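Have a look at the structure below before the remarks.
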Amino acid sequence: MQHRTGGQIVLDHLRANGIDAAFCVPGESFLAVLDALYDGPIRLITCRHEAAAANMAVAYGKLTGRPGVCLVTRGPGATQASVGVHTAAQDSAPLLLLVGQVGRAVRGREAFQELDVPAVFGPMAKWAAEAGDPARLPELLARAFQVATSGRPGPVVLALPEDVLAASARVGDARPVRAVVPRVAPADLARLRELLGGARRPLVLAGGPGWTEAAAADLRSVAEAARLPVAVSFRSQDVLDNRSPSYVGDLGVSPNPALVERVRAADLLIAVGPRLGAITTGGYRLLEAPIPRQRLVHVHPGLAELGGLYQPDLAVQAAVGPFLAAWRSVPPVRGDTWTAWTEAARANYQAWVRPWPGAGGGAGPAARPGVDLGQALAAMRERLPDDAVVASGAGNYSIWVHRYFQFRRHGTQLAPKSGAMGFGLPAALAAKVVHPRRTVVAVAGDGDFLMTAQELATAVQHRLEVVVLVVNNGRYGTIRMHQERAYPGRVIGTELQNPDFAALARAYGAAGEPVADTAAFPAAFERALAAGRPALLDLRVDPGTIAPGLELSTLRRR
Ligand SMILES: Cc1ncc(C[n+]2csc(CCOP(=O)(O)OP(=O)(O)O)c2C)c(N)n1
Ligand SMILES: [Mg+2]
């Protein structure tokens, strides 16, 4: 057994667990880890802000199922990265935030940039701890991976004192970690079939963590064989091909009212994987607590999610993968009873996603100035291959993305379930790291984009050729909408004076151009795809259209 530095032990552990990329802003507190990375083979993406680095790691975790690794320095770095920890928690994404810490000899003196990492991150992360001994790093890191990936995945934060990383130890590695994946019992499947046998208006609600290509294929097979309608939870639209006759839409922000009615009218809800959280349940109003009117089957890998608010008729602590594989292996329940119900739900969905002229500016009878976002996204969906990744952050613009871009393959939607702004561009860059040959598009609001615009430098430096669509309405539109509802006409804090986004992109070395109207979008999008470098399109949209089909003027008059 050789002597290795703490930094080397950390690197060897990451490598043994299949980590092939990490995201950082460097700090003098973890030079020994950086030095270990010098010899490869992990690809290190150096970023311009820790929030972006952490968001990239969240996206890496969501795409791969392995913890996204983010390296930051003590107080200033860790606090800037904290948004990624919160997003990973709400998104059930495996994340490992490694924080360089002050040396053990000065810990507790409020030394330069010292931060009590376990105290600060304890309530936000799934687990937060601090290393005290280089010889125990294998134990600590193995536990970190185990916690981040097992049951309901989530973020782990580890503080690594600089002297622990620089010191050497003679210690063996832990084994590569295998996540504990809870499975379904045969009796639960029998009960599920029994409940389905007695149902007339069943509805599957799919989402949450742990999806793979295989799980998505199993869902499709199970749903189509039994002609079950499948709705998806907030920002889990890629777990079932949206072209499937079973796909009936998402329960996100501004959901299809016809779908909401169907949830109310359903007599059996089968929630496969999602939390029954605030957005998915329309602020906890869509389902009655603690006993919903519908019979409820709730499948979730986290024990704490089951029966915590809604009491299910059948609670199954299982990950979606093994649950769906087991469901697929039993004979399908015949769907004759609810065929018409499923077809009607599908028709509701198809009507809902058809963009109409004037839904957001553009040509047509109700012509509005600027780019019609619905039409542009529909054009983008026709143009892109099925495996293209679309990333977004938070803002009303994302409602158009959810509604008018149809997701076809698992792992193609990257959007924070926490509703955090500043996620889209970093997530897109991580997607390009994980899938270098795929097309990756980030859609961002003008407010949203400027929270992480500096990462265009990261994109150019690391040759991550993503396309960024900035939806430019000159305002924090979402908040303006709420403001006009609550305090009509009293506009404060929501107007934005923007830079020239296309020129900004060019200053970073990316391509950039403004798009003034819907007709100009397809050709501009082609040029962005073919730019051979990161490219940005500044989509000028009508600020008066505050949400699909909702005019600000109408809102005020109400
Ligand atoms: C990090 C963060 N800060 C603040 C908010 C509150 N917030 C939600 S949407 C929004 C405005 C988004 O503006 P923009 O990106 O321009 O999108 P738009 O609503 O105009 O389409 C704000 C400030 C948030 N969700 N996340
Ligand atoms: Mg805006």
>> Just the residues that are in contact with a Lys or Arg (Cβ under 9 Å, 6 or more places away or on another chain) and either surrounded by 23 or more Cβ atoms within 10 Å (Cβ to Cβ) or in a strand (DSSP E or B) (or both), please, taken from the range 295-315.
In response: Val297, His300, Pro301, Glu305, Leu314
>> Quick test for you: out of Gly393, Gly445, Gly411, Gly419, pick the one residue that is within 16 Å of ligand 2 (Cβ to nearest atom) and surrounded by fewer than 24 Cβ atoms within 10 Å (Cβ to Cβ).
In response: Gly419
> Restricting attention to the range 463-519, which residues are β-branched (Val, Ile, Thr), open to solvent by 20 Å² or more (accessible area, probe 1.4 Å), within 14 Å of ligand 2 (Cβ to nearest atom) and in contact (Cβ under 8 Å) with a residue 60 or more places away in the chain?
Replying inline: Thr478
>> What's the number of the only condition in (1) in a strand (DSSP E or B); (2) open to solvent by 10 Å² or more (accessible area, probe 1.4 Å); (3) more than 28 Å from Ala340 (Cβ to Cβ) that Val157 fails to meet?
In response: (2)
> What are the residue pairs meeting all of these: first residue in the range 543-554, first residue touching a residue at least 24 places away in the same chain (Cβ under 8 Å), second residue among the acidic types (Asp, Glu), Cβ atoms under 9 Å, and 6 or more apart or on different chains?
Replying inline: Gly544/Glu551; Thr545/Asp372; Thr545/Glu551; Ile546/Glu484; Leu552/Glu484
> Hey, among the residues in the range 278-293 that are open to solvent by 40 Å² or more (accessible area, probe 1.4 Å) and among the hydrophobic types (A, V, I, L, M, F, W, C), which one's farthest from Ala315 (Cα to Cα)?
Replying inline: Ile279
> Could you give every pair whose Cβ atoms fall below 8 Å, whose first residue belongs to the range 403-432 and is at positive phi, and whose second residue is of a type in the set (Asp, Glu), counting only separations of at least 6 or pairs across chains?
Replying inline: Gly411/Glu213; Gly411/Asp238; Gly422/Asp448
>> I'm checking my understanding of the structure. Among residues of the range 535-558 that are under 28 Å from Ala503 (Cβ atoms) and within 24 Å of the chain's Cα centre (by Cα), which one is nearest to ligand 1 (Cβ to nearest atom)?
In response: Ile546
> Of the residues that make up the range 99-119, is at least one closer than 30 Å to Thr280 by Cβ and not hydrophobic (A, V, I, L, M, F, W, C)?
Replying inline: no
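When you scan the range 223-234, how many residues do you find that are open to solvent by less than 10 Å² (accessible area, probe 1.4 Å) and out of contact with any Ser or Thr (no Cβ under 7 Å at 6 or more places or on another chain)? Break it down into steps so the answer makes sense when it comes.
Just the residues of the range 223-234 that are open to solvent by less than 10 Å² (accessible area, probe 1.4 Å), to begin with: 223, 226, 228-233.
Subset that is out of contact with any Ser or Thr (no Cβ under 7 Å at 6 or more places or on another chain): 226, 231-232.
Qualifying residue count, the range 223-234: 3.
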> Can you name the number of the only condition in (1) of a type in the set (A, V, I, L, M, F, W, C); (2) crowded, with 24+ Cβ neighbours inside 10 Å; (3) within 12 Å of ligand 1 (Cβ to nearest atom) that Ala431 fails?
Replying inline: (3)
> Within the range 449-458, is even one residue surrounded by 24 or more Cβ atoms within 10 Å (Cβ to Cβ), under 20 Å from Ala547 (Cα atoms) and charged (D, E, K, R)?
Replying inline: no
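What are the residues in the range 468-490 that are among the small types (Gly, Ala, Ser) and either near ligand 1 (Cβ under 8 Å from one of its atoms) or more than 29 Å from Pro534 (Cα to Cα) (or both), if any? First the steps, then the outcome.
First, the residues of the range 468-490 that are among the small types (Gly, Ala, Ser): 474, 477, 486, 489.
Gly477, Ala486, Gly489 - these are the residues of the range 468-490 that are among the small types (Gly, Ala, Ser) and either near ligand 1 (Cβ under 8 Å from one of its atoms) or more than 29 Å from Pro534 (Cα to Cα) (or both).
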> Hey, any hits in the range 268-277 for a residue that's open to solvent by 60 Å² or more (accessible area, probe 1.4 Å) and small (Gly, Ala, Ser)?
Replying inline: no
> Looking at (1) assigned to a helix (DSSP H, G or I); (2) within 15 Å of ligand 1 (Cβ to nearest atom), which is the only condition Pro416 fails?
Replying inline: (1)
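May I ask you to say which residue of Gly493, Gly532 is away from ligand 1 (no atom under 16 Å from the Cβ) and at positive phi?
Working: Gly493 fails: away from ligand 1 (no atom under 16 Å from the Cβ).
None of the other options fit; the residue is Gly532.
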> Has the range 208-217 got any residue that is within 19 Å of the chain's Cα centre (by Cα) and over 23 Å from Ile19 (Cα atoms)?
Replying inline: yes
> Give me the pairs: first residue in the range 1-17 and in contact (Cβ under 8 Å) with a residue 24 or more places away in the chain, second residue among the basic types (Lys, Arg) and open to solvent by 10 Å² or more (accessible area, probe 1.4 Å), beta-carbon distance under 6 Å, and six or more apart or on different chains, which are they?
Replying inline: Met1/Arg170; His3/Arg170
> Any idea which of (1) within 22 Å of Glu305 (Cβ to Cβ); (2) among the β-branched types (Val, Ile, Thr); (3) surrounded by fewer than 22 Cβ atoms within 10 Å (Cβ to Cβ) is the one Val204 doesn't satisfy?
Replying inline: (3)
>> Which numbered condition in (1) of a type in the set (Gly, Ala, Ser); (2) within 20 Å of Leu141 (Cα to Cα); (3) in contact (Cβ under 8 Å) with a residue 12 or more places away in the chain is the only one that Gly40 fails?
In response: (3)
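The values are calculated or read from the model by the stated rules, or taken from the named source; none is laboratory data. Bear in mind the structure is a predicted one, so any value in this text is a computation, not a measurement. So basically every Cβ, Gly included, is an ideal-geometry build from the backbone, and we count neighbours across all protein chains shown. SASA here: full protein model, heavy atoms, side chains in, ligands and nucleic acids out. Shrake-Rupley method; radii C 1.70, N 1.55, O 1.52, S 1.80 Å.
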